[in-house]
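Below you'll find the structure, written out as C-alpha cells, and then a few comments.
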Amino acid sequence: MKKIATALLSCALAAATLAGCAANAAQVPQESQEPHTAALTATAAASVKSPKYVFLFIGDGMSYPQIQSTSDYLGALKDADYWQAQPSLDDNQGAILDGPEYLNFMNFEAAGSAVTYDSNSFAPDSASTATSISTGHKTYSGSINVDETGTIEYETIAEQLKAQKGWEIGVITSVNLNHATPAAFYAHQASRSSYYEIGLELVESGFDYFAGGGLLKPTGSSGDQTDLYELAQEAGYTVAKTHAEADAIGTNTEKAIIIDEDLADSDAMAYELDRTDDMWALADYVEKGIEVLSQDKDGFFMMCEGGKIDWACHANDAAASIHDTQALADAVQVAIDFAKEHADETLILVTGDHETGGLTIGFAGTDYDTYLDLLENQKISFAKYDSDYVASYKANKTPFETVLADIEKLFGLKAQGEEGDKLVLTAYEMEQLRAAYEKSINGTASSQYDQAEYVLYGTYEPLSVTLTHIINNKSGISFTSYSHTGLPVAVLAHGLNAEVFNGYYDNTEIYHKL
C-alpha cells in the first residue's frame, strides 16, 4: 500500500509539474519551452529520488574566467619563480609549467553551462539573472521576481520548498542581505533599489536562517521607518551582530539573522583579501547554517552567494576577485563534507549569475606569457586601500614619493629595482600612476569623466584602479569592462541527480531542473 501511495504521489507531482509548464507556455516563446519540458518529461518518467538537502552556491559575477584565473593563480604559486625560467619563443628549453590547481567544484561529476541574457540585455544584471535561477522566468534588469510590467509576482523555489515541503530555508551572502541576489529568493520588487521593502519581505518570508552583510536602509530611505532589525525580532528572529551572539545560535534557535561583526565597505563583509584570522569567513556562515537548518528532519535548501567576486571585478581588482573565489570554494567544501555523511540525500550546485568585468587571462603587454604569481604581492583590496590610504592622501596632500613607498609595501610595485624584476614600474606605468595620483589627490575622482577618463578609471578612485590595472597587466590579466558581460556561466553539480545539470542551456533551466 505504501508503494502504491508513493507511486501515485510521484505521478501527481509529475502531472502538476507538467501542467505548470503548459500554463507558462503562453508567457514564454515556444522555442525556449522545449529544453525544460523535455527534461521534466524524462525526470517524471524515471521517477528519480529527490534530494533531501540542496546547496546552491552562486558566485556573483563568476563565470569561467573568474574560476580559471583562480585555478591558474594557485597553480602559479606552486612554483613562484616559474616565469623566470619560461622558454622564449625561439628556445624550447626551460621549466615545464605544472598547470592549474583545480578548485574543489571544478572536479564535480556534472558540468553544464547556462546562458545569462535577460529581457532587455545580453549583459544582464544580478536581479534579473537571480530571478531566472530562482523562478525560471526572464525579466528586466533591476527587477526581482516580477514580470516586465512589475505587476505579476513569481514564486521562488525557496518559497515553494518552504510552503509545499516544509523545508528549512537558509540565505547567506558576503554582501548585503537585501541585495539583489539574496533578495531573489524571498522578495518581489520592480526595483532592486527598494531596499526597505525588500527587507520587509525578508522578515515576512519566515525563512529560517539569514547570514552575511548588513541590511541596507534598515530604517528606510528617509531614516524614519521602523528598524528592520526590530521588526525581525518581533517576528521571532534571533538577531546576532557579534561573534559571541552568533556562536550562541544553534540547533535550538528557530529563526536567526546573523550580521557579520566586521562589516566593511557598504556594510558588506570584508574582502577575503582583507579578512584577518579573527573574522568569520563565508565558510563559517555555511557551517553555522547547517547547524541551524539540519534540526528539521524534512530537509533544507541553502543559497550561499559569494557577492564580492562581483564587486571586485566591477573595480577590475583581479587579486580581490581571486581571493573571494577561493572563499566561495572554502564554503563549498563545508557542503562537500556534509554530503559525505549524507551521500544519497544531498545535491550541491555551484554557478554564477553572470560574468563581471570582461576578465581575460592574457594581456597585450605580456604576449603569450602569464605571471599570475605576481598577484600575491597585492596585500589589500582596492576598497581598503581607498578607505585606509587614499582618504588620508587627500586630506594631507601626501607627496607622490611617500605614496610610492606605500604602493611598494601593499602592491609590490617598485619605482626602481634590479634588471628583470617584473614588479618594477616602467616609464609608461609611472606616467599612468602619477596622472592618477594627481586626479585622486585633487579630488577629481568624483567629477564627471569624459570618455577617455571613463575608460581609464570607470567610476572608481583613479589611483586605486590604476594600481590594480598595472599589477593585473604585469601578471597577464586584463579586464574589458567595469560592468557585466554576456558570457555564459558554469553550472557544476555534485551528488544526487547531479547529471540533470549537464548540457548547455538557458539559466531559467536551473530552476526547472531543480
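Using the structure shown, decide if THR251 is of a type in the set (S, T, N, Q) and more than 26 Å from the chain's Cα centre (by Cα).
yes
Please pick out the residue among ALA383, ALA343 that is closer than 30 Å to ALA498 by Cα and either in contact (Cβ under 8 Å) with a residue 12 or more places away in the chain or charged (D, E, K, R) (or both). Let's see the steps before the verdict.
Details: ALA383 fails: closer than 30 Å to ALA498 by Cα.
ALA343 is the lone residue from the list that is closer than 30 Å to ALA498 by Cα and either in contact (Cβ under 8 Å) with a residue 12 or more places away in the chain or charged (D, E, K, R) (or both).
State yes or no: is VAL390 of a type in the set (Val, Ile, Thr), touching a strand residue (DSSP E or B) at 6+ places or on another chain (Cβ under 9 Å), within 28 Å of THR70 (Cβ to Cβ) and open to solvent by less than 50 Å² (accessible area, probe 1.4 Å)?
The answer is no for VAL390.
Scanning for something over 26 Å from ILE133 (Cα atoms) and touching a residue at least 60 places away in the same chain (Cβ under 8 Å), does the range 291-304 turn up at least one residue?
Scanning the range 291-304, I find at least one residue that is over 26 Å from ILE133 (Cα atoms) and touching a residue at least 60 places away in the same chain (Cβ under 8 Å), so the answer is yes.
Which number in (1) touching a residue at least 24 places away in the same chain (Cβ under 8 Å); (2) open to solvent by 20 Å² or more (accessible area, probe 1.4 Å) marks the one condition that ASP262 misses?
Failing condition for ASP262: (1).
Of all residues in the range 231-259, which are open to solvent by 70 Å² or more (accessible area, probe 1.4 Å) and under 17 Å from GLY206 (Cβ atoms)?
Once the filter is applied, which keeps residues that are open to solvent by 70 Å² or more (accessible area, probe 1.4 Å) and under 17 Å from GLY206 (Cβ atoms), the range 231-259 yields GLN233, GLU234, GLU254.
With respect to the numbered conditions (1) crowded, with 23+ Cβ neighbours inside 10 Å; (2) aliphatic (A, V, I, L, M); (3) in contact with a strand residue (DSSP E or B) (Cβ under 8 Å, 6 or more places away or on another chain); (4) over 20 Å from GLY59 (Cα atoms), which one is the sole condition not fulfilled by LEU467?
Tallying (1) crowded, with 23+ Cβ neighbours inside 10 Å; (2) aliphatic (A, V, I, L, M); (3) in contact with a strand residue (DSSP E or B) (Cβ under 8 Å, 6 or more places away or on another chain); (4) over 20 Å from GLY59 (Cα atoms), LEU467 fails exactly one: (3).
Hey, can you tell me all the residues within the range 252-263 that are in contact with a helix residue (DSSP H, G or I) (Cβ under 7 Å, 6 or more places away or on another chain) and assigned to a loop (DSSP other than H, G, I, E, B)?
If we filter the range 252-263 for residues that are in contact with a helix residue (DSSP H, G or I) (Cβ under 7 Å, 6 or more places away or on another chain), which is where we start, we get 253, 256-258, 261.
The answer is THR253, GLU261.
TYR195 passes all but one of (1) open to solvent by 20 Å² or more (accessible area, probe 1.4 Å); (2) under 22 Å from SER121 (Cα atoms); (3) without any contact (Cβ under 8 Å) to a residue 60 or more places away in the chain; (4) within 23 Å of the chain's Cα centre (by Cα); which number fails?
Going through the list (1) open to solvent by 20 Å² or more (accessible area, probe 1.4 Å); (2) under 22 Å from SER121 (Cα atoms); (3) without any contact (Cβ under 8 Å) to a residue 60 or more places away in the chain; (4) within 23 Å of the chain's Cα centre (by Cα), TYR195 breaks only (2).
Here are TYR454, TYR511, TYR504: which of them is aromatic (Phe, Trp, Tyr) and either crowded, with 24+ Cβ neighbours inside 10 Å or closer than 24 Å to GLN68 by Cβ (or both)?
One residue alone meets the criteria, TYR504.
Being in contact (Cβ under 8 Å) with a residue 60 or more places away in the chain and surrounded by fewer than 24 Cβ atoms within 10 Å (Cβ to Cβ) is true for just one of ILE157, ILE152. Which residue is that?
ILE157
Which of the numbered conditions does ALA405 fail, given that it passes all the others? Conditions: (1) touching a helix residue (DSSP H, G or I) at 6+ places or on another chain (Cβ under 9 Å); (2) free of Cβ contacts under 8 Å to residues at least 24 places away in the same chain.
(1)
For a quick check of your reading: which helices (runs of 4 or more DSSP H) sit entirely within the range 121-199 and have at least 2 residues that are farther than 25 Å from THR325 by Cα and of a type outside the set (A, V, I, L, M)?
Ranges flagged: 157-160.
For GLY443, which of the numbered conditions (1) of a type outside the set (Lys, Arg); (2) modelled with pLDDT under 95; (3) touching a helix residue (DSSP H, G or I) at 6+ places or on another chain (Cβ under 7 Å); (4) under 30 Å from ASP60 (Cα atoms) fails to hold?
Here GLY443 clears every test but (4).
Looking only at the range 386-402, which residues are over 21 Å from HIS314 (Cβ atoms), touching a residue at least 40 places away in the same chain (Cβ under 8 Å) and of a type in the set (S, T, N, Q)?
Residue satisfying the conditions is THR398 alone.
Considering only residues that are within 19 Å of PHE57 (Cβ to Cβ) and free of Cβ contacts under 8 Å to residues at least 24 places away in the same chain, which ones fall in the range 160-175?
None - no residue of the range 160-175 is within 19 Å of PHE57 (Cβ to Cβ) and free of Cβ contacts under 8 Å to residues at least 24 places away in the same chain, so the list stays empty.
Out of all the residues in the range 307-364, which are assigned to a loop (DSSP other than H, G, I, E, B), among the aliphatic types (A, V, I, L, M) and in contact with a Gly (Cβ under 8 Å, 6 or more places away or on another chain)?
ALA315, ALA343 - these are the residues of the range 307-364 that are assigned to a loop (DSSP other than H, G, I, E, B), among the aliphatic types (A, V, I, L, M) and in contact with a Gly (Cβ under 8 Å, 6 or more places away or on another chain).
Is the range 417-425 home to any residue that is part of a helix (DSSP H, G or I) and surrounded by 11 or more Cβ atoms within 10 Å (Cβ to Cβ)?
no
Give all pairs with beta carbons closer than 7 Å in which a residue from the range 176-190 that is aliphatic (A, V, I, L, M) meets a residue that is in a strand (DSSP E or B) and surrounded by fewer than 24 Cβ atoms within 10 Å (Cβ to Cβ); count only pairs at least 6 apart in sequence or on separate chains.
As it stands, the answer is ALA190/VAL146, since those pairs meet every condition given.
Do we have LYS414 as of a type in the set (Lys, Arg) and under 32 Å from the mean Cα position of the chain (by Cα) here?
Values: of a type in the set (Lys, Arg): yes; under 32 Å from the mean Cα position of the chain (by Cα): no.
So LYS414 fails the test.
Please indicate, with yes or no, whether at least one residue in the range 267-277 is touching a residue at least 60 places away in the same chain (Cβ under 8 Å), more than 25 Å from LEU200 (Cα to Cα), open to solvent by 60 Å² or more (accessible area, probe 1.4 Å) and in contact with a strand residue (DSSP E or B) (Cβ under 8 Å, 6 or more places away or on another chain).
no
The values are calculated or read from the model by the stated rules, or taken from the named source; none is laboratory data. This structure is a prediction, so every number in the text was calculated from the model and none was measured. Reconstructed Cβ throughout: ideal geometry from the backbone, glycine too, with neighbour counts over all protein chains shown. Calculation scope for accessible area: heavy atoms of the full protein, side chains included, ligands and nucleic acids excluded. Shrake-Rupley method; radii C 1.70, N 1.55, O 1.52, S 1.80 Å.
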